[in-house]
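Presented below is the structure to which this report refers.
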Amino acid sequence: MRLVLLGPPGAGKGTQARMLETKLQTPQIASGDLLRTAVRNRTALGVQAQAFMDKGALVPDDLVLGMIEERLSQSDAQSGFILDGFPRTVAQAEVLGRILAQRHEKLDRVVAITVPDEEIVKRISGRRTCRSCGAMYHVIYEPPRTVNVCNSCGGELYQREDDAEQTVRARLQVYASSTKPLLDYYGRAGFLAEVGGIGRPEQIEHRILSALGIA
Ligand code: AMP
C-alpha cells in the first residue's frame, strides 16, 4: 500500500499513520519526525531546518526533497509506505510522482483528514513531546502517567516551539495557502478520499480503512 495522509497540523495524521503502520505492516514515513531527528542530532540539515520549523514555516524543498528521496530508497519502503507530512506543496507532490514513476509505481490512495481550525488550536497547544524518543502526549486527552515524564523511555516532555498557539495559527495559514491546493491536485487525479478527523482514534482509523476498502 502506497498511501499519503493529508491534513492540517494536529489533524491526527501521526497517530493514524502509526496505527496503520501496525495494521498494514507498512512503514510510516513522517517528514516532520525525520526533520526533528536531524535537529536533535544537529546534522547540517537539522541546523538549517530548525529556524523554519520554529516559526511554523515550511522547510525549503532543497532540504526536504533529498531527505525524503533517501528515506524512500531504503529497503523497508520498497513495497509500500504511509507518508505523513509529505508532500506539503504541489511542487513536492510532483517530485513524489516523478520518484514513483522512476520506480514504475504510483500511489494507491491519498486520505485527507479534515478538522476545523479552532479544534486544531485546542489540540496542538496541549501537546507535549518527549525530548529523547519523540513520543507524543496531550495534557488533557493523553496525559503521561507522571507529569512531564515519557511513559516509554522516562525522557523529559516539552512543548515544541512550533506547538505554541501563535505558531499553530501560522502553521494553519501555511496549510491553507500551500498544502490545501493538494486536495484539488489529488482530487483531479482520482486519488483522494476525505475523512472527518473528530472522534476517537479507533473511529477515525475505521473511517480510513473504509476509504481504503479494507474495513
Ligand atoms: P509536522 O510534524 O509534520 O507538523 O512538521 C513539523 C514542521 O516540519 C513543519 O511545520 C515544517 O516546518 C517542517 N516540515 C515537515 N514536513 C515538511 C515538508 N514536507 N515540507 C516542508 N517542511 C516540512
| said: Between a residue in the stretch 1-19 that is assigned to a loop (DSSP other than H, G, I, E, B) and any residue that is within 10 Å of the ligand (Cβ to nearest atom), which pairs come within a Cβ distance under 6 Å, given they are 6 or more apart or on different chains? | reply: GLY7/LYS13; PRO8/TYR175; PRO9/ARG171; GLY10/ILE124
| Tell me, which residue of the stretch 20-42 that is in a helix (DSSP H, G or I) and surrounded by fewer than 19 Cβ atoms within 10 Å (Cβ to Cβ) is nearest to the ligand (Cβ to nearest atom)? | ASP33
| query | Can we say GLN25 is at positive phi and free of Cβ contacts under 8 Å to residues at least 40 places away in the same chain? | reply | yes
| message | Just to be sure I understand, how many residues within the stretch 134-153 are exposed (fewer than 12 other Cβ atoms within 10 Å of the Cβ) and among the hydrophobic types (A, V, I, L, M, F, W, C)? | response | 2
| request: Considering every residue within the stretch 61-75, establish whether at least one is part of a loop (DSSP other than H, G, I, E, B), more than 15 Å from the ligand (Cβ to nearest atom), within 27 Å of GLY190 (Cα to Cα) and free of Cβ contacts under 8 Å to residues at least 24 places away in the same chain. | output: yes
| Selected residue [within 9 Å of the ligand (Cβ to nearest atom), in contact with a helix residue (DSSP H, G or I) (Cβ under 7 Å, 6 or more places away or on another chain) and either at negative phi or assigned to a helix (DSSP H, G or I) (or both)] from LEU58, LEU45 | LEU58
| query | If a residue has to be within 30 Å of SER73 (Cβ to Cβ), assigned to a loop (DSSP other than H, G, I, E, B) and either within 17 Å of the chain's Cα centre (by Cα) or basic (Lys, Arg) (or both) to count, how many in the stretch 96-148 make the cut? | reply | 7
| task | Take the residues in the stretch 80-122 that are of a type in the set (S, T, N, Q) and in contact (Cβ under 8 Å) with a residue 24 or more places away in the chain, then tell me which one is farthest from the ligand (Cβ to nearest atom). | result | THR114
| request: For the stretch 154-201, enumerate the residues that are more than 14 Å from the ligand (Cβ to nearest atom), in a helix (DSSP H, G or I), in contact (Cβ under 8 Å) with a residue 24 or more places away in the chain and surrounded by 14 or more Cβ atoms within 10 Å (Cβ to Cβ). | output: LEU183, TYR185, TYR186, PRO201
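Bear in mind that the values in this text are calculations on the coordinates, not laboratory data. Values in this document were obtained by computation on a predicted structure and should not be read as measured data. For neighbour counting, all protein chains shown are included, and Cβ atoms are generated from backbone atoms with ideal geometry for every residue, glycine included.
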